[in-house]
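One structure is given below, encoded as structure tokens.
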Amino acid sequence: MRVTLRIKRFNPERDEKQHWEEHEVDVEPNDQLLDALNKVKWYDDGSLTYRRSCAHGVCGSDAMVVNGRNRLACKVLMKDLGKKVTVEPIRGLPVIKDMVVDMEPFFARYRAVKPYLINDNEPPADRERLQSIEDRERFDDTTKCILCACCTTSCPSFWANGEYVGPAAIVQAHRFIFDSRDMAVHERLEIMNDTMGVWRCRTVFNCVECCPREIDITRAIGEVKKAILNGGVGG
Amino acid sequence: MSAISRLKYGSPNRFEAFSWYFMRVSGAVLLLVAVLHLLIMHVWYGVDAIDYRFVVGRWASPLVQVYDLALLLFAITHGVNGTRWVIDDYIHSRGWNLTLKAALYVLTVIFILMGATVIFTFDPDTSTTALNTVAAVFAR
């Protein structure tokens, strides 16, 4: 099938602002959007720039706005997109070139929530820190995050105020707050308890709709809010 | 490390947590109180029955006064807190942010005082005189 890709382009060496360009490509219905973009780049216009790595929805490199929704180009099939497909860079982060945005503000927020296990106790000498199946299940959903930034860059609160820590960072905080092995629950809850922290979430649900890992993000954010209110994660 | 890498979040202040919880509680209360008000006034009595005499009779009851005060307080504080959130979301200049919020709080106090004054000091005799004066102006 023949489709038209309407791509928002920006070359900092040439352009003053973003503009739309159209490319027609032949694709198979089961091709990924990433395949179609590769066809444009390899055979039509080598200057087209986007991030991609694993091409199987795991690395989270190729998040972009596809037909108005945040998607991973490698997780969406051409047959589901229609004959005319619009492709834009994700919103709320500075565009460097075409689909490539500066991810540093996103990762700075990620680092701010201390996304690593904090436990000063000596681990058992002969084995890892064990955890019951139920305790592991408690935060299973939020372990699925691949940091593609689809959620944070679809969030109107983040667009309106770039200081907001954003849904992805809260998901990461949730992953450790509800981990029975982590000893820094109160430290993390205090980080989240900021005007620009978890309270900036207005439960718009854009994050849930676009998460390629289908994480129930707004529920996770709600659980963190409740934990702050209750002064801990409880039993 | 760039400046942005040292982003810091966190506050021991529980005001925002309280504000979030309050919105949920006041929202639920408002739903109940406002819907009940609607049912009583517009279904139970019906709009045809509502006139000046009806309102005068209604406000003579302390129960209605307390009910209307609850409606006033919850509606205003819920709305004002939501507006505060909107201002914090969209007004990034510190000066404008503080100015707008200060104006919002002043208006809040004025509206609560005005509403409460009407509810508790409503005097049918004075009001009748005032009503007649207004009616006379329009009758000219």
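General observations
- Rg [Å, one decimal], Dmax [Å, integer] - chain A, C-alpha atoms: 20.0, 61
- Contact order relative to length of chain A, as percent, for alpha carbon pairs under 8 angstrom and 6 or more apart: 18 percent
- Averaged over the residues of peptide B:16-27, the number of Cβ atoms from other protein chains lying within 10 Å of each residue's Cβ is 3.
- Among A:ARG175, A:ARG200, A:ARG129: highest mean-square fluctuation, GNM of chain A, C-alpha pairs under 10 Å: A:ARG129
- The mean number of partner chain beta-carbon atoms within 10 angstrom of a residue's beta-carbon across peptide A:199-207 is 2.
- Straight-line cross-link reach from B:LYS8 at under 19 Å between alpha-carbon atoms covers these aspartates and glutamates, not counting any fewer than eight positions away in the same chain: A:GLU104, A:GLU163, A:GLU187, A:GLU190, A:ASP194, B:GLU16, B:ASP88, B:ASP89.
- Loop-located trypsin sites (Lys or Arg not before Pro) in the range B:1-61, at most 14 other Cβ atoms within 10 Å (DSSP): B:LYS8, B:ARG14
- Cα-centre dipole for chain B with unit charges at Cβ (Lys and Arg positive, Asp and Glu negative), debye to 20: 660 debye
- Among the GluC sites (Glu not before Pro) in the range A:83-161, those placed in a DSSP loop whose Cβ has at most 10 other Cβ atoms within 10 Å are A:GLU128.
- With all protein chains kept in place, the per residue accessible area of the range B:49-106 amounts to 60 square angstrom at a probe of 1.4 angstrom.
- For the pair A and B, total buried accessible area rounded to nearest 100 Å², probe 1.4 Å: 2100 Å²
- For the range A:2-101, projected area of the alpha-carbon convex hull averaged over all directions, nm²: 5.9 nm²
- Proximal charge balance of A:VAL185 [Cβ under 15 Å; K/R count +1, D/E count -1]: 0
- Rounded accessible area of A:SER61 (nearest 10 Å², 1.4 Å probe): 40 Å²
- With a cut-off of 15 Å on the backbone N, the residues of the range A:16-48 near the modelled label site 7 Å out from A:CYS59 along Cα-Cβ are A:34-35, A:38.
- Farthest positive-ward along the range A:134-235 dipole, Cα basis, beta-carbon charges - from A:CYS211, A:GLY234, A:PRO156: A:PRO156
- With helices as the sole contributors, chain A gives -7500 deg cm²/dmol at 222 nm; each DSSP H run of n ≥ 4 counts as -39500 (n - 2.57), and the sum is divided by every residue.
- Accessible area in square angstrom per residue, the range A:104-230, 1.4 angstrom probe: 44 Å²
The values are calculated or read from the model by the stated rules, or taken from the named source; none is laboratory data. It should be emphasised that the depicted structure is a prediction, and the values quoted were computed from it without experimental measurement. Cβ atoms come from the backbone with ideal geometry, glycine included; neighbour counts cover every protein chain shown. Side chains are part of the model used for accessible areas, which takes the heavy atoms of the whole protein and leaves out ligands, DNA and RNA. Shrake-Rupley method; radii C 1.70, N 1.55, O 1.52, S 1.80 Å.
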